[in-house]
Amino acid sequence: MIRVSGNNGFIIETGKTSYIFKVLPTGQLEHLYYGNRLNIPEGAEDEALDVLSEKHAFYPGNTTGYDQEHLQYSLEDMRLEMSSYGKGDIREPFITVIHADGSSTSDFVYMSYEIKKGTLSLESLPSSYDDNGYAEVLCVKLKDNSYNLELELNYVVYEDCDVITRNARFINTSKERVILSRIMSLMVDLDEAGYVFTTFRGGWAREMQRDDCLVTGGKHVSSSVTGTSSSRANPFFMVHPAETNEDSGDVYGFNLVYSGNHYECVEVSSFGKTRIVSGINPETFKFEIAPGDSFDSPEAVMTFSSDGFNKMSDNMHLFVREHIVRGEWKKKTRPVLLNSWEAAYFDINESKLLKLAKAGKEVGIELFVMDDGWFGERNDDSSSLGDWYVNEKKLPHGLKGLADKINAVGLDFGIWVEPEMVNVKSKLYEAHPEWSIEIPGKPHSESRNQRILDLSNPKVCDYLTEKMTEVFSSANISYVKWDMNRNFSDYFSQHLGANNQGELAHRYVCGLYRMMRTLTERFPHILFEGCSAGGNRFDLGILSYFPQIWASDDTDAMCRLAIQTGYSYGYPMSCVTAHVSDCPNHQTLRNTPLETRFNVASFGVLGYECNLCDMKKEEIAAIKAQIELYKEWRETLQWGRFYRGRGSAAMPQMQVSASGFSQRPSFSDNFSEWTCVSADKSKAVGMIMQRLVVPNSPFHCYRAKGLDEEGIYSFYNRVLKVDVREFGDLINTVAPIHVKKDGLLIDIIAKFVKMDGEAEDYKASGSVLMNGGVHLKQAFGATGYSGEVRHFQDFGSRLYFMEKQ
């Protein structure tokens, strides 16, 4: 709901939040409040706004007064909805314009407003949408009277998920060209300092590592200049008091519907006010705006919760599922896939792929994906990107022939592509070197032997769109993994003029969106999955076209625990793909239990990436049982509400006492809990995972979340058998003859003798399961083992199932 008071105050309300600002006598917009919904009766809006407004009589010393008529105001000491340099505010600006006379002073003041039903309509960028017709848009129009420029601030209200989105449109209504060198998507000013700026940083194979920074002064920035939203700094971030936790405390969550270079900053002024900005990174942005032209900033997303991180995440998850993801696959059950990459890498051929697909069918796989290596002369990463024709030596019957045979096995068929890239060693580069992003005649910094095609050039976008159309229509293709494996270097477009090179990074993203929009409209039945060297482009822009994204090239369960937990703060698990791979893991060489690899991956969109043809019978049987179990609980795991429990996903730090002895780690240091609950709260799946065994610490407790407190649930685990070889020489404490732990005899015994795992089976109310918790059967502690003891080794985990009676 949007309300306007008689004194030009604006009250934006969702189900549980209020966002309030008003027009100052100077014409600037003063931000007044963002937080829990306030009780402001109709007719009492002006009185409430007076209470929330700052009171100013004289501007502070050593600051700049706005003008001679308003000497009580220094914009440096005001909470503002937008700001710029030149009129006294020296904090992070919202917008910077370089005028034809060389000045960069801007002074946008209130002109008018408009309220309408609907959502944003951005010409070159994706934005949120509303199928229900409930969303409202507030457009506040500002004008710089000195230079005859206009700025529109847009606010879209989604009451159902307590989300407000924002963007800005800059309009050049003057008669001269100007340079837009900075435009943010949102700015929020808060009263006080001392907030924690929580970002999600990392790199390849270690995406989304949570980082908390207490901001008491100065400015702290999280940004990307990689040409993508990047694995180094995801555009999702949080701002909150230090005492906020998963289930209590205030938290603001922010994100950006954008896949390029972005910028987030939290700054504390000399007056103790906190400013938050988010938008396109100005470091690689400079746009020329001709008279009559306009520029739209990407849509920013913000939500608030006073019930901790989990509720904030719930708001974001609902928003992404209902208002970002779209198309045929929006709510369609995602298949369990088998990807060929770690099974074969580039060494693929039709017979090898068919053998792998048949093995997948036997264990319950539904979709077989042929990864890199099927096109051009692609035998390694040094050639053929850009040459999107079938390598007939590997696939003599073409894509259609292979797809038909995969379909005959009973599986859907998918492929891997990387349309945005080109190898110098390719026919495409030989024909069109001017299509590559590089500085002609200058040394180029390479990455993975490939270069980036210039999507700021419409000819390149059109060519690639038609090439991908040829590929996708050449066979019965049900799934496409769209990859992008390198960062930008040597920013230069051979299509753009010398004075427009600052437009390349943004124009590239707009070109990408145009391609994605066209292809998803042409092939609505295809399940597209985004990928960029793993999670190097995991953002709401990609999710506006592709309903799921490959979270990380790292499939190690221990690493994935942290990575997937990081994503869960801002993104629903139905968007996060996760695979079970072989061990030793190909990224870390770590060995983790097969059941743990499945347990972690099952909370995302499950797939497998291993050579089933080479696996032992016991492993094949285990995978078959895993997939059968996943399908039984898939609706809850893919579409349920996800809750983080106790425990951080970060690796525990060594704790040392004053005497120098290591201290016993706390539960939060060594364990993580997840719970996923169906929308009607009738079913739930929980997981507990241990990092390292702590000796003589057999007691553990699982606490559910999100259940119906009054409902009675059946709580049980998946009872597994334990391989006797897990106990090593300890088998000789019960064996009638001596057994060598690495000998032939132990292998023979293991085929016939399995140790019973523990069984948990209880009935209790949701209140008991959540507040009291399930006190689990004791873990192995070196004093004995039976079916009443939990075999819980390093990287051990358990799934628990809850069904409402």
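Just a few scattered comments:
- Cα gyration tensor, the chain - rounded (a/c under 1.5), prolate or oblate: oblate
- Long-range amide H partners of SER765 with built H, under 5 Å: TYR713
- Between 0 and 90 degrees, the angle of helix 504-522 with respect to the longest Cα principal axis of the chain falls at about 60 degrees.
- Here is how the number arises for the chain: DSSP H runs of 4 or more residues each give -39500 (n - 2.57), the sum is divided by the residue count, and the result at 222 nm is -5500 deg cm²/dmol.
- Taking the chain and dividing mean pair separation by its residue count, relative contact order in percent (alpha carbons under 8 Å, at least six apart): 9 percent
- Take THR469: with every protein chain present and a 1.4 Å probe, its accessible area is about 30 Å².
- Residue-count net charge about SER18 - beta-carbon cut-off 12 Å; Lys, Arg +1, Asp, Glu -1: -1
- The figure for HIS70 is an accessible area of roughly 40 square angstrom, using a 1.4 Å probe on the protein chains alone.
- Too-long pairs where the Cα-Cα distance tops 32 Å, listed order kept, from LYS481/LYS777; LYS330/LYS624; LYS721/LYS804: LYS481/LYS777
- Heavy-atom accessible area ranking, 1.4 Å probe, most first, across TYR508, TYR643, TYR345: TYR345, TYR643, TYR508
- Solvent-accessible area, 1.4 Å probe, carbon plus sulfur percent, for the chain: 50 percent
- Degrees between helix 350-363 axis and first principal axis of the chain (Cα, 0 to 90, nearest 10): 80 degrees
- The chain - share of DSSP beta bridges that are antiparallel (%, nearest 5): 80 percent
- Our summary gives segment 520-622 a relative contact order of 22 percent, counting only alpha carbon pairs under 8 angstrom and 6 or more residues apart.
- Using the Karplus relation 6.51 cos²θ - 1.76 cosθ + 1.60 with θ = phi - 60°, the per-residue 3J(HN,Hα) values for segment 742-758 come to 10, x, 5, 4, 5, 5, 5, 4, 5, 6, 10, 10, 10, 7, 6, x, 6 Hz, with x marking Gly and Pro.
- Taking θ as phi - 60° and the Karplus parameters 6.51, -1.76 and 1.60, the scalar couplings of segment 261-267 work out to 5, 10, 8, 10, 9, 10, 10 Hz in sequence order, x denoting glycine and proline.
- Net charge of neighbours whose Cβ lies under 13 Å from the Cβ of THR173, counting Lys and Arg as +1 and Asp and Glu as -1: 0
- Accessible area per residue for the chain is 38 Å², calculated with a 1.4 Å probe on protein heavy atoms, without ligands, DNA or RNA.
- Of the GluC sites (Glu not before Pro) found in segment 730-792, those in coil by DSSP whose Cβ has at most 13 other Cβ atoms within 10 Å are GLU788.
- ³J(HN,Hα), Karplus 6.51/-1.76/1.60, whole Hz, each residue of segment 533-540, x for Gly, Pro: 6, x, x, 7, 8, 9, 7, 6
- 5 angstrom amide H check on LYS481, placed H, neighbours 5+ away: ILE415, TRP416, VAL417, GLU529
- Taking amide H positions as modeled 1.01 Å from N, with prolines and chain starts lacking one, the residues under 5 Å from ARG37 and 5 or more places away or on another chain are THR17, SER18.
- Proximal charge balance of ILE40 [Cβ under 11 Å; K/R count +1, D/E count -1]: -3
The values are calculated or read from the model by the stated rules, or taken from the named source; none is laboratory data. Bear in mind that the values here come from a model prediction, so they are computed numbers and not experimental data. Neighbour counts run over all protein chains shown; Cβ positions are idealised from the backbone, glycine included. For accessibility, only protein heavy atoms count, side chains too; no ligands or nucleic acids. Shrake-Rupley method; radii C 1.70, N 1.55, O 1.52, S 1.80 Å.
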